[in-house]
Amino acid sequence: MQISVLVEKLMRLPVITIWALLVAVSSAEAQPTQPPPIALANGTWTVQGREIPGTRCGHWLVRLTNNNGNLSGVVSLARGSVPIEDLTMLPGGRFSGTTRAGVVGSTHARAYKITGWFSGETVHLTLENDICPARHGSAVRRQ
């Protein structure tokens with residue numbers, strides 16, 4: 001179809017129809033897209049952090065393991081470890097999970113929230129609970 005014919009046909013349409021067509025086309029292009037899922041290599045990532053002096057926020061360690069697409073993990077505190085539950089991989093390499101409060105060894109462990117993302121061979125994560133400031137760390141994958 002020639003451009004002059006198209007322009008002639010558009011000129012016959014009411015202005016409101018042309019406006020509606022333009023809005024529909026521009027909003028269809030503006031739809032957000034989900035990042036593609038990542039192919040996470042098998043391996044283990046161990047992220048460690050030190051105590052915060054003068055607080056009850058001690059040394060910590062988060063170990064994440066991917067085995068053929070099954071992500072699992074533990075949070076280690078004092079003399080024991082608790083599993084990370086509901087550990088979910090999200091689009092774009094993001095993940096989140098939680099631990100339950102309970103007794104670890106002879107120490108009471110608070111509930112924790114773990115969030116982060118994978119970028120290539122590296123994991124970046126944040127460990128949070130109700131009394132300590134958010135603690136951050138990263139680690140490179142080990143096979």
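The values are calculated or read from the model by the stated rules, or taken from the named source; none is laboratory data. Quick caveat: nothing in here was measured; it's all calculated off a predicted structure. We place every Cβ from the backbone using ideal geometry, glycine too, and count neighbours over all the protein chains shown.
Within region 91-126, if we keep just the residues that are among the hydrophobic types (A, V, I, L, M, F, W, C) and modelled with pLDDT of 90 or more, the residue that is farthest from Gly69 (Cα to Cα) turns out to be Ala111. The residue of region 101-118 that is surrounded by the most Cβ atoms within 10 Å (Cβ to Cβ), among those that are outside any strand (DSSP E or B) and touching a strand residue (DSSP E or B) at 6+ places or on another chain (Cβ under 8 Å), is Tyr112. When we screen Leu40, Leu64, Leu127 for residues that are outside any strand (DSSP E or B) and touching a residue at least 12 places away in the same chain (Cβ under 8 Å), the only hit is Leu40. In region 24-82, the residue that is modelled with the lowest pLDDT out of those that are loosely packed, with under 12 Cβ neighbours inside 10 Å and among the hydroxyl-bearing types (Ser, Thr, Tyr) is Ser27.
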